[in-house]
Amino acid sequence: MRFGCKLGLRILEDLQSSSFCVTAMAVNQLVLASNWSLTGGGALTVAASSSDVQVCSTLASAKSLRFVQELHGQGLKNGAGVGGSSHRSTTSVAARTRRRSRRSRRRFSDDGDGDELAALRISCVSTSEASTASDSGSDSKLPLKAIPGEYGGTLGAIKDRLDFFWFQGLGEFFTSRVQKYQSTVFRVNMPPGPPGFPDPRVILLLDAKSYPVLFDVNKVLKKDVFTGTYHPSWDYTGGVRVLAYLDPSEERHTQLKTFVFEILKTNGRKFLPEFHKAISESFQVWESNLAKGEKASFTDENLQFAFNFQMRAIVGRDPVAPGPASLGRNGGAYAQKWVAPQIAPVTGLGLPHLLEELTFHSFPLPFSLVKKEYDALYAYLSTYATEVVDLATKLGIDKHDAINNVLFFTCFNSFGGFGILLPQILRAIAQGGSSLQQELVREVRAAVNANGGSVTMKGLESMELVKSVVWESLRINPPVPYQYGIAKSDFVIESHTAAFQVKKGEMLAGFQPFATSDPVIFQDPHTFLPKRFVGPEAEKLLPYVIWSNGPETGEPTLGNKTCPGKDFVVAMSRAFVAELFLRYDEITLAPPDGDGIAAKIAFSSLKRAQ
Ligand code: HEM
């Protein structure tokens, strides 16, 4: 069921013209996560110590989060399976994660029961299944408990949705339930929901121990769950089910992921030079604006360079250059508009709550709202991406399929992701103030001087602080905060304190910022520590940085759902920090316009390197 096109258009116009940040529309459920960690408790705040700068993310629900911490602490004190110290638990969970990932790689080709499982989701599961771990056939030493929480039918789904978007907000929605159920694993309805969306019931995983089951494609089916319990109409992608929605058991997944890997490999050498060129254009805009006393908007320029550099590198044609299918300076804005209605069902857009609830939180938005933008992006790729299409043809992928997949991963996965990640990195660095920035300046310039005078992969690899800052940003605010998967069979999952029986066909979901702020793994988990990943600590902690839908120590493969752009994203984020401090001695930001990641960010000063 869809609501009227006119109303939809009105909302979209409001959405685009409101102070709502452009980036907030750009990626899978991101606004919500950001509101949880940034808006929820106010802005990032700085807690500078003598030698190390700490940027603290103060959380609205800090009290509840402390409770989560205590809950884990309780588990430790009780010796409930995680060892007596966070170090020991880290090592043992890391080893298990590695074993699981090896098993997963070995067995991926055995899958094949996808359709049957998708149908299974309609069966309701009793919440009273309680037994012992040994009864369940699991080797868990933890007590087997019934998964707490209830769904409550249609009314329950609406109540949960209102709590999520309105009465409680994101942080409180999760933490109040952790508190109520005394568990980081529980049943709940996740938005969107009735009447216009399918089954919202999930088993939610909120700790670092249970969460990785979502990466295990032997255990969970990743079919059509990219955006959550719903998927947008395939009209948004020309009738094509693009890679992000495919399970590795589907042959097309292998074919299309090979295509993406090949595109990245073929164009790898172009990325750093194109990024340098694109961000240098933005440097000039900012400097010129500041010189004239005008606003130097990072948010607006991010739209330009994050879109243009990847298109120049992948398509080989500047989207701004004049021509029959030129996008001018609208490429980023078109991509954003095209993504917006796809994620609107799980996004709070700052419109009156009642309006949001009665419209896009309850019914899907029609593709016709953004057909114009899609057509322009399609025409650009169809006209100029000839080499990419040739590559696809060699792999047996037809042109329409290829164009829609490239459109999706450049405009949704990549552009959307950078639209969230780069502002977060920038804000954390700005909050770090002069001492952090001076250290970055020293490190970046020494590495660049030692590597031929420009930003190179080798130079980036040697920048320990830059690397740590990027990983810490990805840890504390993973740009895609949710993952979903449908249980392929009955199995037992473990939190730090208990084991739970999951039934075949049940939907599992995770809110990643909880898993990556798990106090069992990370000390001072809600504080942005720029040096957290410097030195030997990095090796111990990186398996728990999981922004790419897999551990940072793992690899994207044809058999898993890890982001194929994983290494590219990390490299370009490091390049962003390096380019910034190669050119500037110090940066400061104006107070944000708006809240959280939805805030528009602008520079208040840029001190050029002498
Ligand atoms: C900051 C930027 C990015 C972030 C945060 C990000 C994050 C993610 C995440 C979390 C997933 C898994 C989604 C799921 O199934 O639950 C994913 C998948 C994917 N990403 Fe990325 N990504 C980014 C950039 C890129 C880039 C640059 C590319 C292009 C190469 C890309 C292409 C894809 C594709 C094609 C998939 C589906 C993989 C599969 O089906 O096996 N992403 N990404």
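Whole Å is fine, so just give me how far the alpha carbon centre of region 206-236 lies from that of region 151-191.
Here the answer is 19 Å between Cα centres.
Amide H of Glu586: which non-local residues (sequence gap of 5 or more, or other chain) have their own amide H closer than 5 Å, using H built in the peptide plane?
Counting only residues 5 or more places away or on other chains, the set is Lys607.
So who's got an amide H within less than 5 Å of the one on Val502, skipping anything under 5 residues away but keeping other chains? H placed 1.01 Å off N, in plane.
Phe491, Val492, Ile493
At what distance in nm do the modelled label points of Leu358 and Met457 sit from each other, each positioned 7 Å from its Cα along Cα→Cβ?
Reported label-point gap for Leu358 and Met457 is 5.5 nm.
Return the Rg/Rh ratio of region 472-610 with Cα-based radii and a Kirkwood Rh. Don't jump to the answer; show the numbers that get you there.
Numbers: Rg = 18.7 Å, Rh = 17.9 Å.
A ratio of 1.04.
For region 350-359, take each phi angle, set θ = phi - 60°, evaluate the Karplus expression 6.51 cos²θ - 1.76 cosθ + 1.60, and give the result in whole Hz per residue in order, putting x for glycine and proline.
x, 7, x, 3, 4, 4, 4, 5, 7, 10
Work out the FRET efficiency for Thr383 and Lys277 from their Cβ-Cβ distance, taking R0 = 22 Å, and round it to the nearest 0.05.
Working: r = 22 Å, r/R0 = 0.99.
It comes out at approximately 0.50.
From the backbone phi of region 449-457, what are the Karplus-calculated ³J(HN,Hα) couplings (6.51 cos²θ - 1.76 cosθ + 1.60, θ = phi - 60°) in whole Hz, Gly and Pro given as x?
Working through the residues one at a time gives 4, 6, 10, x, x, 9, 6, 10, 4 Hz.
Using modelled amide H (1.01 Å from N, peptide plane; none on Pro or chain starts), what sits under 5 Å from the amide H of Phe511, excluding residues fewer than 5 places away?
Hits under the 5 Å cutoff: Leu205.
How charged is the neighbourhood of Val240? Take every other residue with its Cβ under 14 Å from the Cβ of Val240, and add Lys/Arg as +1 and Asp/Glu as -1.
Numbers: positive: Arg241, Arg252, Lys399; negative: Asp224, Asp235, Glu250, Asp398, Asp401.
Net charge in that neighbourhood comes out at -2.
Residues with beta-carbon under 12 Å from that of Ser473, excluding Ser473: net charge, scoring Lys, Arg +1 and Asp, Glu -1?
On the way: positive: Arg427, Lys467, Arg475, Arg532, Arg574; negative: Glu472.
For residues surrounding Ser473, the net value is +4.
Using Cα centres only, tell me the gap between region 335-350 and region 531-610 in whole Å.
Answer, in whole Å: 23.
So what are the ³J(HN,Hα) numbers for region 225-240, from phi and the Karplus equation (6.51, -1.76, 1.60; θ = phi - 60°), rounded to whole Hz, Gly and Pro as x?
Taking θ as phi minus 60°, the curve returns 10, 4, 8, x, 7, 10, 9, x, 4, 5, 4, 5, 10, x, x, 9 Hz for region 225-240.
Using 10 Å bins from zero, what percent of all Cα-Cα pairs in region 262-333 falls into each bin?
Spelled out bin by bin, region 262-333 gives 20, 45, 28, 6, 1 percent.
In whole angstrom, note down how far apart the Cα centers of region 412-478 and region 357-408 are.
Answer, in whole Å: 31.
So, in nm, how far is label Arg445 from label Arg608 when the simple model puts each one 7 Å beyond its Cα toward the Cβ?
Result for the modelled spin labels: 1.5 nm.
Bear in mind that the values in this text are calculations on the coordinates, not laboratory data. Every value quoted in this text rests on a predicted model; they were computed, and no experiment measured them. Cβ sites come from the backbone with ideal geometry, for glycine too, and all protein chains shown count toward neighbours.
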